[in-house]
């Protein structure tokens with residue numbers, strides 16, 4: 001009986017092995033083992049490139065992936081064909097972050113040493129997907145910004161934009177992209193400069209302002225204003241430039257300039273007149289709202305000196321949303337307006353506004369103004 005069982009087991013083992021092989025994921029009918037062998041040993045570059053594609057598709061399912069990552073990284077560094085190396089980079093980019101930890105150093109070295117534009121581009125795309133590894137690849141990405149291929153320059157700038165302050169040293173290399181003849185590369189440079197937190201933000205802001213004056217593409221002009229906002233440079237030059245941009249022909253660009261100035265707070269006070277003009281002349285309701293909010297933010301408590309202007313908007317604007325903002329700006333002064341008959345009279349008129357939200361805001365503003373100060377606590381013995 002024992003012999004019979006052993007014989008049965010011997011007959012079953014090949015069947016089980018075949019079943020396991022059938023269960024392994026396949027690409028073009030072949031398993032990962034086959035494609036790894038092709039990648040390492042095939043003389044045809046075309047077949048090695050297909051093998052890299054296959055391995056990226058299989059992603060090491062139901063097998064140890066360490067060998068797969070290491071072989072892809074090895075071919076990425078030493079293969080004689082740029083097409084194969086580029087395909088290896090694409091395959092690695094399809095893996096998970098935790099799968100790449102064992103080869104991250106090799107990837108960092110690869111982009112430093114790589115000379116081929118196609119491979120550099122795919123490596124830059126890879127680092128853009130995995131910023132946690134890209135921090136160490138900043139020098140290689142900075143070199144890729146000078147690549148003759150526009151797509152490679154754009155991919156490198158995009159990867160750097162995701163690193164924030166970790167890529168601040170790349171500002172000088174990103175600045176030439178502002179004048180790049182290729183629109184996607186130029187856009188990627190503009191985008192990155194607003195997000196890497198460079199040390200000399202005023203210098204970068206001045207370069208962006210110059211580019212704004214020369215840029216013909218409206219979407220890029222809007223992106224420049226967004227980058228100026230994110231840079232947070234509150235120098236007189238930047239405030240003056242944004243105030244001028246408020247008169248731009250593109251409403252989207254105007255809106256971004258108004259929002260930027262609103263975020264700059266009291267530093268934007270020199271732009272208050274330009275903001276008020278936009279708040280009272282624009283045909284776009286959203287623009288008037290953004291400009292009026294920024295006007296209040298730029299003046300802060302000093303809006304009390306321009307109360308008559310805000311009341312004028314509160315009483316004359318046709319859109320209730322704008323009147324609502326004006327009421328809120330007046331109400332924000334609270335008890336500072338106690339005894340101000342003009343302000344209280346204007347707010348009481350809004351208690352009869354056709355829109356309930358404006359009426360409610362006016363009631364809140366009046367309560368805030370007329371609220372009695374909290375009594376001082378008695379000294380305890």
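For residue 166 and residue 47, a Förster radius of 51 Å and the Cβ-Cβ distance give a FRET efficiency of 0.85, rounded to the nearest 0.05. Within the stretch 244-309, the ratio Rg/Rh, alpha carbon atoms throughout and Rh by Kirkwood, equals 0.94.
When peptides 340-353, 142-155 are ranked by their average number of other Cβ atoms within 10 Å per residue, the highest-first order is 142-155, 340-353. Between the Cα long axis of helix 272-281 and the first principal axis of the chain there is an angle of about 90°, rounded to the nearest 10.
The mean sequence distance of close C-alpha pairs (under 8 Å, at least 6 residues apart), as a share of the length of the chain, puts its relative contact order at 7 percent. Take the Kirkwood radius over Cα pairs of the stretch 183-269, plug it into Stokes-Einstein at 10 °C and 1.306 mPa s, and you get 126 µm²/s for translational diffusion. Convex hull volume of the Cα atoms of the stretch 234-370, normalised per residue: 86 Å³. Provide the gained length on full extension for the span residue 115 to residue 34, in nm with one decimal, where the gain is 0.36 nm per separating residue minus the Cα-Cα distance. Additional length available on full extension: 26.2 nm.
Pair-distance distribution P(r) for the stretch 25-95, from all Cα-Cα distances in 5 Å bins starting at 0: 4, 21, 35, 27, 12, 2, 0 percent. Angle of helix 341-350 to the longest C-alpha principal axis of the chain, folded into 0 to 90 degrees and rounded to 10: 60°.
Contact order for the stretch 234-370, expressed relative to its length and based on alpha carbon pairs under 8 Å spaced 6+ residues apart, stands at 18 percent.
The distance separating the Cα centre of the stretch 86-163 from that of the stretch 302-364 comes to 55 Å. For the chain, the equivalent ellipsoid derived from the Cα gyration tensor has semi-axes of 62, 28, 18 Å, listed largest first. Over the stretch 177-232, the reciprocal of the mean inverse Cα-Cα separation, the Kirkwood hydrodynamic radius, stands at 10.8 Å. Rounded to the nearest 10 degrees, the inclination of helix 104-113 to the longest alpha-carbon principal axis of the chain is 90 degrees. Taking a ≥ b ≥ c as the square roots of the eigenvalues of the alpha-carbon gyration tensor, the stretch 157-302 is classed prolate because a/c is 1.5 or more and a/b outweighs b/c. With the highest mean first, a sort of the peptides 214-221, 237-244, 200-207 on other beta-carbon atoms found within 10 angstrom per residue produces 237-244, 200-207, 214-221. Helices in the chain, meaning DSSP H runs of at least 4 residues, each add -39500 (n - 2.57). Divided by all residues, the mean residue ellipticity at 222 nm is -20500 deg cm²/dmol. Rounded to the nearest 0.05, the FRET efficiency derived from the C-beta distance between residue 244 and residue 283 at R0 = 22 Å is 0.65.
We did not get these values from a lab; they are worked out from the coordinates using the rules stated. All values derive from a computational prediction rather than experimental measurement. No Cβ is skipped: glycine too gets one built from the backbone with ideal geometry, and neighbour counts run over all protein chains shown.
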